[in-house]
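This report refers to the structure that appears directly beneath it.
The values are calculated or read from the model by the stated rules, or taken from the named source; none is laboratory data. As the structure is a prediction and not an experimental result, all values here were calculated from the model. Cβ sites come from the backbone with ideal geometry, for glycine too, and all protein chains shown count toward neighbours.
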Amino acid sequence: MTDKTMTAEEAVSRLESGMTLGIGGWGSRRKPMALVRALLRSGVTDLTVVSYGGPDVGMLAAAGRIRTLVAAFVTLDSIPLEPHYRAARERGAFELVEVDEAMFMWGLRAAANRLPFLPVRAGLGSDVMRVNPALRTVTSPYDDGETFVAMPALRLDAALVHVNRADRLGNGQYLGPDPYFDDLFCAAADTAYLSCERIVDTAELTKAAAPQTLLVKRHAVTGVVEAPGGAHFTSCAPDYGRDEVFQKRYATTPWEEFAARYLAGDEAAYQAAARGDA
């Protein structure tokens, strides 16, 4: 078994322009923001981003790093529509592939199982089929003869996720109320980079938590990054909640001003600036 620990910069150095990149979390909840910030400090661009979108999408869109976005929504939760994403979308900065939340999940599940597609009822009778003319339907080969949407696999070159705890081997543990499909993002990807609030011994992962909190398995993880506060300003329950004050500042500050103030330096500089403005 291998020690997979690395820095955020080392993880991002393995990414390349033009990749299809999955980003875990949900809206403004447990997003791998330290890894996203490291990505913004790199020269990687022209990405196809697959995400239940939040500020990860907003920042990458505002910085001009996205070629195509595959998403069911892009929200800050307490702010319904991510404003930097909206501005980039309105100026036609990238192509959007918009699908239903359940279709998105089944696309990840198909990729995780190395299937070309999975049948799903979601999307039928909706405008999803109109705005995605490349989508196809399939008919059940059994007596029911039911028609389904054939949701194509969302195969990823790489995935970025953030959890509460991890060991050096790549086992990840979430301690909040929801896994947000992070395990599927990792399984759907050729490489997956896991940031966490704290690296612990493997034995500690099973001491006081239920087995279902250990959905991210080491065989699906390429690298582990210890990043305290690595989800900020999104929530990482129960370690911390969403920083609503900072999120509002992000949402109401012009992108160039926000980036110059908070993203010009390294992660330590970001954390210091964010704490100083708390």
Unmet criterion (only one of (1) assigned to a helix (DSSP H, G or I); (2) exposed (fewer than 14 other Cβ atoms within 10 Å of the Cβ); (3) modelled with pLDDT of 95 or more) for GLN212: (3)
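Would you pick out the residues in the stretch 188-200 that are surrounded by 23 or more Cβ atoms within 10 Å (Cβ to Cβ) and closer than 30 Å to PRO152 by Cβ? Before you say what the answer is, go through the steps one by one.
Filtering the stretch 188-200 down to residues surrounded by 23 or more Cβ atoms within 10 Å (Cβ to Cβ) leaves 188-189, 192-196.
Selection gives ALA188, ALA189, ALA192, TYR193, LEU194, SER195.
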Selection from the stretch 83-112 of residues that are among the β-branched types (Val, Ile, Thr) and either within 15 Å of ILE23 (Cβ to Cβ) or part of a strand (DSSP E or B) (or both): VAL97
Some residue of the stretch 164-181 being surrounded by 18 or more Cβ atoms within 10 Å (Cβ to Cβ) and more than 22 Å from the chain's Cα centre (by Cα): no
Tabulated pairs, the stretch 168-180, first over 9 Å from LEU214 (Cβ atoms), second assigned to a loop (DSSP other than H, G, I, E, B) and hydroxyl-bearing (Ser, Thr, Tyr), C-beta under 9 angstrom, 6+ apart or interchain: ARG168/THR2; LEU169/THR2; GLY170/THR2; GLY170/THR222; TYR180/TYR52; TYR180/TYR174
The stretch 2-25: number of residues that are under 16 Å from LEU154 (Cβ atoms) and either in contact with a Cys (Cβ under 6 Å, 6 or more places away or on another chain) or not small (Gly, Ala, Ser) (or both): 4
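Quick check: is even one residue across the stretch 247-255 within 25 Å of VAL200 (Cα to Cα) and touching a Ser or Thr at 6+ places or on another chain (Cβ under 9 Å)? Walk me through how you get there before you give the answer.
Narrowing the stretch 247-255 to residues within 25 Å of VAL200 (Cα to Cα): none.
Checking the stretch 247-255: not a single residue is within 25 Å of VAL200 (Cα to Cα) and touching a Ser or Thr at 6+ places or on another chain (Cβ under 9 Å).
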Residue match in the stretch 59-82 (condition: buried (at least 24 other Cβ atoms within 10 Å of the Cβ), small (Gly, Ala, Ser) and under 11 Å from the mean Cα position of the chain (by Cα)): no
Single residue of the stretch 143-163 satisfying the filter (more than 15 Å from the chain's Cα centre (by Cα) and part of a strand (DSSP E or B)) that is farthest from LYS207 (Cα to Cα): THR147
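Quick check on the stretch 2-14. Is at least one of its residues modelled with pLDDT under 95 and either touching a Pro at 6+ places or on another chain (Cβ under 9 Å) or more than 22 Å from ALA269 (Cβ to Cβ) (or both)?
We begin by selecting, within the stretch 2-14, every residue modelled with pLDDT under 95; these are 2.
Okay, now just the ones that are also either touching a Pro at 6+ places or on another chain (Cβ under 9 Å) or more than 22 Å from ALA269 (Cβ to Cβ) (or both), so 2.
Yes.
Tell me the residue from ARG14, ARG37, ARG41 that is touching a residue at least 60 places away in the same chain (Cβ under 8 Å), farther than 21 Å from GLY92 by Cβ and within 14 Å of the chain's Cα centre (by Cα), please. So that I can check it myself, show each step before the final result.
Details: ARG14 fails: within 14 Å of the chain's Cα centre (by Cα); ARG41 fails: within 14 Å of the chain's Cα centre (by Cα).
Every option except ARG37 fails the conditions.
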